[in-house]
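K.L.:
Take a look at this one; I'll ask things after.
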Amino acid sequence: MKKITLLSAIAALILASCAGNPEGQKAATSDAVELTDAAEGTTFSVDAEASKVVWTGTKVTGEHFGTVDIKSGSVIVNEGAIVGGEFVIDMNSISADDLEGEYKEKLDGHLKSDDFFSAGSYPEAKFTITEVNPSETAGQVTISGNLEIKGISKNISFEATTEQATENSITTKANFNIARADWNVSYEGKPDDLISKEINFDITLVANQE
């Protein structure tokens, strides 16, 4: 009986340490790089109302998902594709959409706390494009840029797809994971319900010509 109990405890411990990451390809991450040459093209203003950032985090017992608002930004467009730009994210807007009432308020507050994004001290996050390279897939590019969260800047690279492009508007989508500890978002969760090491971002960026 003692042997079975011990095995059960070990199995529970292993399960608690295995929080699978959200679906999505992990962005390549390196040290921040200096932006040297300004991209050439036409400046489009980011439409904050039409744009959307959806986050997903997983844990042993399930997942949470929600949104965070793009505050402002602009992109440089050349021949129907984004070649440069930056946008600012309002971290105080982070919200869990899978919960309601008291549970939602608690999680929203926790996400804004120092356990996660420290929104009081770092109310904004920013992404600045440093390089764009064509992909083998039509309509797709590899975007590299400095992502700043909690005052920490890392360069990430991920695939992005141009969904729609006209002379006056462009819509680009991207879906990728980052290792949150790279930005000191290191809260591990409860001992019996650990949180995944990665967080997923599903981004729709809409911009219109100024």
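K.L.:
Which residue pairs have Cβ atoms under 9 Å apart, sit 6 or more places apart or on different chains, and have a first residue in the stretch 61-87 that is among the aromatic types (Phe, Trp, Tyr) and a second that is not in a strand (DSSP E or B)?
P.N.:
Every condition considered, the pairs that remain are Phe65/Pro22; Phe65/Asp97; Phe65/Asp98; Phe87/Ala48; Phe87/Ser51.
K.L.:
Right, here's the next one. Check the stretch 46-63 and report whether any residue there is closer than 25 Å to Glu167 by Cβ, open to solvent by 60 Å² or more (accessible area, probe 1.4 Å) and modelled with pLDDT of 95 or more.
P.N.:
Yes, there is a match, as at least one residue in the stretch 46-63 is closer than 25 Å to Glu167 by Cβ, open to solvent by 60 Å² or more (accessible area, probe 1.4 Å) and modelled with pLDDT of 95 or more.
K.L.:
Going by the conditions given, is Val206 open to solvent by less than 50 Å² (accessible area, probe 1.4 Å) and modelled with pLDDT under 95?
P.N.:
No.
K.L.:
Are there any pairs with C-beta distances below 6 angstrom linking a residue in the stretch 170-189 that is free of Cβ contacts under 8 Å to residues at least 24 places away in the same chain and farther than 17 Å from Leu147 by Cβ to a residue that is in a strand (DSSP E or B) and open to solvent by 10 Å² or more (accessible area, probe 1.4 Å), with the two at least 6 apart or on different chains, and if so which?
P.N.:
These pairs meet every condition: Glu188/Leu194.
K.L.:
Still on this structure: Scan the stretch 146-160 and report the pairs whose first residue is at negative phi and small (Gly, Ala, Ser) and whose second residue is open to solvent by 20 Å² or more (accessible area, probe 1.4 Å) and part of a loop (DSSP other than H, G, I, E, B), with Cβ atoms within less than 7 Å and a gap of 6+ or a chain change.
P.N.:
Ser153/Ala32
K.L.:
Filter the stretch 187-210 down to the residues that are charged (D, E, K, R) and in a strand (DSSP E or B) and list them by number.
P.N.:
Taking the stretch 187-210 as the starting set, the residues that turn out to be charged (D, E, K, R) are 188, 190, 192-193, 197-198, 202, 210.
Once the filter is applied, which keeps residues that are charged (D, E, K, R) and in a strand (DSSP E or B), the stretch 187-210 yields Lys190, Asp193, Lys197, Glu198, Asp202.
K.L.:
Here are some conditions: (1) of a type outside the set (Gly, Ala, Ser); (2) in contact with a Ser or Thr (Cβ under 7 Å, 6 or more places away or on another chain); (3) in a strand (DSSP E or B). Asp108 meets all but one. Which one does it not meet?
P.N.:
The one condition Asp108 does not meet is (3).
K.L.:
Take Gly73 and tell me if it is modelled with pLDDT under 95, within 20 Å of Thr162 (Cα to Cα) and touching a strand residue (DSSP E or B) at 6+ places or on another chain (Cβ under 6 Å).
P.N.:
Spelling it out, it is not the case that Gly73 is modelled with pLDDT under 95, within 20 Å of Thr162 (Cα to Cα) and touching a strand residue (DSSP E or B) at 6+ places or on another chain (Cβ under 6 Å).
K.L.:
Out of the stretch 119-161, which residues are open to solvent by 20 Å² or more (accessible area, probe 1.4 Å) and more than 23 Å from Leu35 (Cα to Cα)?
P.N.:
Those that are open to solvent by 20 Å² or more (accessible area, probe 1.4 Å) and more than 23 Å from Leu35 (Cα to Cα): Gly120, Ser121, Pro123, Glu136, Thr137, Ala138, Gly139.
The values are calculated or read from the model by the stated rules, or taken from the named source; none is laboratory data. Keep in mind it's a predicted model, so treat the numbers as computed, not measured. As a convention, Cβ positions derive from the backbone with ideal geometry for all residues, glycine included, and neighbour counts pool all protein chains shown. For the accessible areas, the whole protein counts, side chains as well, though only heavy atoms, and no ligand, DNA or RNA atoms are used. Shrake-Rupley method; radii C 1.70, N 1.55, O 1.52, S 1.80 Å.
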